[in-house]
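**Q** Okay, handing you the structure first.
The values are calculated or read from the model by the stated rules, or taken from the named source; none is laboratory data. Keep in mind the model is a prediction, meaning the values are calculated, not measured. Glycine gets a Cβ as well: all are built from the backbone with ideal geometry, and neighbour counts include every protein chain shown. Ligands, DNA and RNA are excluded from the accessible area calculation, which covers all protein heavy atoms including side chains. Shrake-Rupley method; radii C 1.70, N 1.55, O 1.52, S 1.80 Å.
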Amino acid sequence: MPTGVNQSDRMTPKTRVAELAVAGGEPMFRQTIHVGRPNIGDRQRLRERIDDLLDRRWLTNNGQYVQEFERRVARRIGVRHVVAVCNGTVALEIAVRALGLTGEVIVPSFTFAATVHALHWLGITPVFCDVHPRTHTLDPRRVEELITPRTTGLIAVHLWGRACDVDDLSAIANRHHLKLLFDAAHAFGCSYQGRMVGNFGNAEVLSFHATKVLNTFEGGAVVTNDDDLADRLRLMRNMGFRTLDEVVSVGTNGKMSEVSAAMGLTGLESIDEFIAVNRRHYEHYRHELAGIPGITLAPVSETERSNFQYVVLDVDEAHSGISRDDLIRVLHAENIKARRYFFPGCHRMPPYRDLYPEAGASLPETERLAESVLCLPTGETLTAEDVAAICGIVRLAVSHSGELRPILSRATR
Ligand SMILES: *Cc1c(COP(=O)(O)O)cnc(C)c1O
């Protein structure tokens, strides 16, 4: 074991630039610390459920675990219908199609690619709308000016689990007879004005991807209080089968498997612990990062429920002396795999950057955030000492940014 690496495979705190891995020192962590490392919960319960579904030889097709998972998620959210599917992207595609969206749909660019891909995949034109600089969610003041006769709906994203401005967006949707879909992939367990996310708009989409607060390996759901919509969603998820051998409409295969639902049920039994751990890490990060110039931790509402799954830093280079990208390089060298969510903004990715080359002009906040925001690790497998060590690196990089600059410009980019 190299000197200085302690029992949890972490170096003792670093105090000098020369000790930073980017300057040739030993990395702070021997094993890479990831953002979105999966939460697993009680393995014994998971194994029992897997044995049970194998014994019963019921692996998919609306099995008992999928049905139970849908009931439990519905109860937790307080929503009438949960339609579990194989992933969040397919959930978006099915929801968009079941809502009858066509033409143009207004959507943020500052989101995961899937939100926008779901539209383009279905031949719909995504119309990029800027986000609010403080909330990072769709700015209702910017939405109305983008509505045209071809607009059929809005997709708003509860980014970082922070609910959008649901009231204003709903009012706009009502006024213009538009459908309103929320991408709630980040927001399981979060609330808006005291009501659980999942109850708003025409429908909301959840992701249970491995990196999300609750996971089913891969998985997702469309949730809604609209009975007719739920019926259409269930048909679409299962190739339009109404009964065992009667197809009544076009559909796809979006079914969730039993092993995924078994994982989801197991995770649900520990979800309050996952969130409590995230919350503790979040508070610890807030404490440790307080007062570092140019480094702002995105706030979490004091009055709403949050899952604390995303620890989001805004790096203001004018005050930190180090850019977001250079801070990422410093962290990565320490084996802290901080992530540039959501770089570079969907409007700057193919094919959208070629289809809508002018989009950036109306997205100043998106462009700024895409250059200044990063996400830090959290979750079940991180310890308080890990959080302190990560913050120590950030503090050292900022307090010695001048000394670091020549090292960073020498190091290969
Ligand atoms: C993860 C995610 C999705 C897609 O979910 P998958 O389950 O990975 O397909 C959609 N939107 C956002 C904002 C996400 O973070």
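**Q** Only one of these is among the charged types (D, E, K, R) and not in a helix (DSSP H, G or I): Glu283, Glu269, Glu302. Name it. Write out each step before concluding.
**A** Working: Glu283 fails: not in a helix (DSSP H, G or I); Glu269 fails: not in a helix (DSSP H, G or I).
Only one candidate qualifies: Glu302.
**Q** Any idea which of Ser170, Ser249 is at pLDDT 95 or above and part of a helix (DSSP H, G or I)? Before the answer, list the steps.
**A** On the way: Ser249 fails: part of a helix (DSSP H, G or I).
So the residue among Ser170, Ser249 that is at pLDDT 95 or above and part of a helix (DSSP H, G or I) is Ser170.
**Q** Within the set of pairs 6+ apart or on separate chains, which have a first residue in region 286-315 that is open to solvent by 70 Å² or more (accessible area, probe 1.4 Å), a second that is assigned to a loop (DSSP other than H, G, I, E, B) and of a type in the set (A, V, I, L, M, F, W, C), and C-beta atoms under 8 Å apart?
**A** Arg305/Cys190
**Q** Right, here's the next one. Among the candidates Glu380, Glu385, Glu358, which residue alone is under 18 Å from the mean Cα position of the chain (by Cα), in the same structural domain as His281 (by TED's automatic domain parsing), farther than 20 Å from Thr135 by Cα and not hydroxyl-bearing (Ser, Thr, Tyr)? Steps first, please.
**A** Values: Glu385 fails: under 18 Å from the mean Cα position of the chain (by Cα); Glu358 fails: under 18 Å from the mean Cα position of the chain (by Cα).
After applying the criteria, what remains is Glu380.
**Q** Working only within region 204-242, note down all residues that are charged (D, E, K, R), assigned to a helix (DSSP H, G or I) and more than 16 Å from the ligand (Cβ to nearest atom).
**A** Asp227, Asp228, Asp231, Arg232, Arg234 - these are the residues of region 204-242 that are charged (D, E, K, R), assigned to a helix (DSSP H, G or I) and more than 16 Å from the ligand (Cβ to nearest atom).
**Q** Still on this structure, I have one more. Would you be able to tell me the number of residues in region 163-180 that are surrounded by 24 or more Cβ atoms within 10 Å (Cβ to Cβ) and over 18 Å from Val73 (Cβ atoms)?
**A** So the count comes out to 1.
**Q** Let me ask another. Can you say whether Leu159 is closer than 15 Å to Thr135 by Cα and aliphatic (A, V, I, L, M), as far as the supplied structure shows?
**A** In short, yes.
**Q** Right, here's the next one. For region 88-116, give me the residue count where each residue is open to solvent by 40 Å² or more (accessible area, probe 1.4 Å), near the ligand (Cβ under 9 Å from one of its atoms) and either part of a helix (DSSP H, G or I) or in contact with a His (Cβ under 8 Å, 6 or more places away or on another chain) (or both).
**A** Of the residues in that region, 1 qualify.
**Q** Identify all residues within region 141-177 that are under 19 Å from Ser362 (Cβ atoms) and of a type in the set (S, T, N, Q); write none if there are none.
**A** Thr148, Thr151
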